[in-house]
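The next block holds one structure in the form of structure tokens; read it before the comments.
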Amino acid sequence: MKKILLIAAALLLGAAALNAQSSMYGIKSGHLKFETQTSGGMQYNELWFDDYGRLRKQHDQTAMEGMGVYNTEIIYRDGKAYTNAWFDNEKKDEAKVTDLGEYPNFLEMDEEFMKKNKIQILGTEEVLGRTCTIYTYKYKSLLRTITRKDWVWKGIVLKMETKGILGANNLMVVTEIQENIKIPASTFALPAKIIE
């Protein structure tokens, strides 16, 4: 179950940087809140970002029946992802370096990249008052194929739907957006212990 949650966390807000020097988003900073319906229940997610997405922090929280609240926190910076996961209030001051994944940078994606990765544009739709371009594509995750649909505004995924076998069906929707706000540098500070 822990692996499935870590995979879901990696999928959420999945526009992870392929190049740390690239701008991910079309606005300098922001704080977004999401709700995600997963096959295992409801998950609550937050994303903070600065420097056009070069610095990001994602926090996912899932109530697991009989097990408590499972948290995942990922800090993206310097071309790496630092992941910490814990139950309830057992957070440790540590993080494991994890793979960024190979998700598209929607701001810098060109026709060649779309063709190579079989990414299609389905049209546009409004999400929380913002006009989003809808992209669909498939990718492999733990030996299974996932079909993903992203509603993207200024490079930011505001809504995401995944479909696949073995519980990979999720629907994430943004519930709150704050744009161009001051975010303390401490938001993106790394824990004391880094596990390579």
When the convex hull of the C-alpha atoms of the stretch 96-196 is computed, what volume per residue in Å³ does it have? 156
Filter on Lys118/Lys163; Lys57/Lys118; Lys28/Lys80; Lys33/Lys96 - keep pairs with C-alpha separation over 26 Å: Lys57/Lys118
Sorted from fewest to most neighbouring beta carbons within 10 Å, what does the list Val97, Val173, Val157 look like? Val97, Val173, Val157
Helical contribution to [θ] at 222 nm, DSSP H n ≥ 4, -39,500 (n - 2.57), averaged over the chain, rounded to 500: -2000 deg cm²/dmol
Charge dipole (the chain, unit charges on Cβ, about Cα centre) - positive-most of Ser29, Thr124, Thr162: Thr162
Charge dipole magnitude, Cβ of K and R +1, D and E -1 - the chain, Cα centre, debye nearest 20: 400
What ranking of Ile181, Ile156 emerges when the number of other C-beta atoms within 10 Å of each C-beta is taken as an exposure proxy, fewest first? Ile181, Ile156
Check: C-alpha center the stretch 85-152 vs C-alpha center the stretch 31-57, spacing in Å is 12
Say R0 is 25 Å: what FRET efficiency, to the nearest 0.05, do Lys92 and Lys140 get from their beta-carbon distance? 0.20
Under-5 Å amide H pairs with Lys96, H placed in peptide plane, nonlocal only: Thr83, Asn84, Ile195
Honestly the chain on the Cα gyration tensor test (a ≥ b ≥ c root eigenvalues; a/c under 1.5 rounded, otherwise a/b vs b/c for prolate or oblate) is just rounded
Once phi for every residue in the stretch 170-180 is put through the Karplus expression 6.51 cos²θ - 1.76 cosθ + 1.60 (θ = phi - 60°), the whole-Hz ³J(HN,Hα) values, with Gly and Pro written as x, are 9, 9, 10, 9, 5, 10, 7, 9, 10, 9, 6
Rounded to whole Hz, the Karplus (6.51, -1.76, 1.60) HN-Hα couplings of the stretch 54-69, x for glycine and proline: 5, 10, 9, 9, 10, 10, 10, 9, 10, 7, 10, 3, x, 10, x, 9
Relative contact order %, the stretch 2-191, counting alpha carbon pairs below 8 Å whose residues are six or more apart: 24
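All of the numbers you see were taken from the coordinates with simple rules; none came from a lab. Predicted model only: the values in this text are computed from it and were never measured. In this analysis, Cβ positions are derived from the backbone assuming ideal geometry, glycine residues included, and neighbour counts consider all displayed protein chains.
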